[in-house]
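The structure under discussion is supplied below as structure tokens; questions concerning it will follow.
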Amino acid sequence: MVAPPIFILSGLPRSGTNFLWELVRRHPRCASARPPIWEDYFLKNAGLLNRFASEVQGSWDPVWGSTDHLRPQLLAKLGDAVVDFLSIDPHRRAVTKSPTVANLELFFDVFPRAHLLLLVRDGRDVAASGMRTFGWTLEESASSWSSTTKRILDFVDNSTGRSVRVVRFEDLVVDTESALMDVLSFLDLPADTYDLDLLDEIPVRGSSAYLGPGRSDINWEVQSRPRGFSPIGRWRSWRASDIETFEAIAGEQLGDLGYETGPDVRFPAEGVG
């Protein structure tokens with residue numbers, strides 16, 4: 001059996017999963033997933049496994065006796081199989097990611113041995129990046145971020161005793177070492193074996209603001225992190241009416257995650273960019 005996997009999920013693209021993945025996969029007990037799989041989308045398609053397990057159980061003759069206890073075992077074994085496919089080293093923990101929480105309620109049914117990191121980012125920055133990258137509208141960005149964030153928080157509230165942790169992207173950026181140590185502790189990975197010098201090598205990948213030397217289009221090529229690069233607070237340059245629109249749709253979830261709201265947030269604090 002392969003080592004327990006580490007899943008990184010976010011409610012929407014542009015939430016920073018690349019950054020968290022880069023941080024965690026550098027631990028000596030971890031490994032990237034099977035190339036060239038960049039985002040696994042296992043959970044998004046887990047409904048197929050769930051239906052398969054149900055239909056197989058439905059094919060078993062009731063005269064044999066109750067099989068209700070076998071269905072979850074079958075589903076978990078199917079999950080083990082896809083994790084085994086993804087893993088390149090059975091002795092190291094595969095670190096994988098997907099920018100979606102579709103079928104989140106099935107996660108621990110399919111992957112009961114996994115650790116789950118749910119990455120959240122200020123929805124206004126997610127929207128700012130998504131509008132630039134994918135042509136999202138402000139309203140659809142706010143609505144999608146609000147609904148997926150609520151789904152994440154509801155899932156966590158109902159997952160007492162499970163190996164799940166919400167991680168704020170901003171905490172990783174502002175104090176990378178401290179936030180990373182907290183994540184490693186949650187993952188049961190020894191912090192003293194992590195080479196902190198590697199933090200200086202974490203690249204920029206897929207930024208909607210820094211495209212790389214000579215590049216004019218958004219891309220996902222690895223770029224060296226430029227001095228002073230910060231992906232936080234770009235929404236502050238929005239018009240006041242756009243900020244109000246976003247908060248009218250998603251203000252409750254912004255508050256639930258500890259992000260500041262209200263009329264005084266438009267202008268950035270010193271050093272925020």
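When you scan the range 119-132, do you find a residue that is modelled with pLDDT of 95 or more and farther than 17 Å from W235 by Cβ, even just one?
Yes: one or more hits.
Another question about this same structure. If I ask for residues that are open to solvent by 30 Å² or more (accessible area, probe 1.4 Å), outside any loop (DSSP other than H, G, I, E, B) and touching a residue at least 60 places away in the same chain (Cβ under 8 Å), which ones from the range 78-91 would you list?
Scanning the range 78-91 gives D80, D84.
Okay, moving on. How many residues, within the range 55-77, are assigned to a helix (DSSP H, G or I) and either of a type in the set (S, T, Y) or open to solvent by 90 Å² or more (accessible area, probe 1.4 Å) (or both)?
Within the range 55-77, residues that are assigned to a helix (DSSP H, G or I) and either of a type in the set (S, T, Y) or open to solvent by 90 Å² or more (accessible area, probe 1.4 Å) (or both) number 7.
Within the range 106-134, track down each residue that is of a type in the set (D, E, K, R) and farther than 20 Å from A179 by Cα.
D109, R113, R124, R132
Out of the residues in the range 37-54 meeting the condition of being touching a strand residue (DSSP E or B) at 6+ places or on another chain (Cβ under 9 Å) and assigned to a helix (DSSP H, G or I), tell me which one is farthest from L106 (Cα to Cα).
Only one residue fits best here, namely K44.
Shifting gears a bit: Return only the number of the condition from (1) in a loop (DSSP other than H, G, I, E, B); (2) in contact with a helix residue (DSSP H, G or I) (Cβ under 9 Å, 6 or more places away or on another chain); (3) closer than 28 Å to T193 by Cβ; (4) open to solvent by less than 60 Å² (accessible area, probe 1.4 Å) that R34 does not satisfy.
Result: R34 passes all but (4).
The values are calculated or read from the model by the stated rules, or taken from the named source; none is laboratory data. Since this is a predicted model, take the numbers as computed values, not measurements. No Cβ is skipped: glycine too gets one built from the backbone with ideal geometry, and neighbour counts run over all protein chains shown. Note: accessible area is taken over every heavy atom of the protein model, side chains too, but ligands, DNA and RNA are not part of it. Shrake-Rupley method; radii C 1.70, N 1.55, O 1.52, S 1.80 Å.
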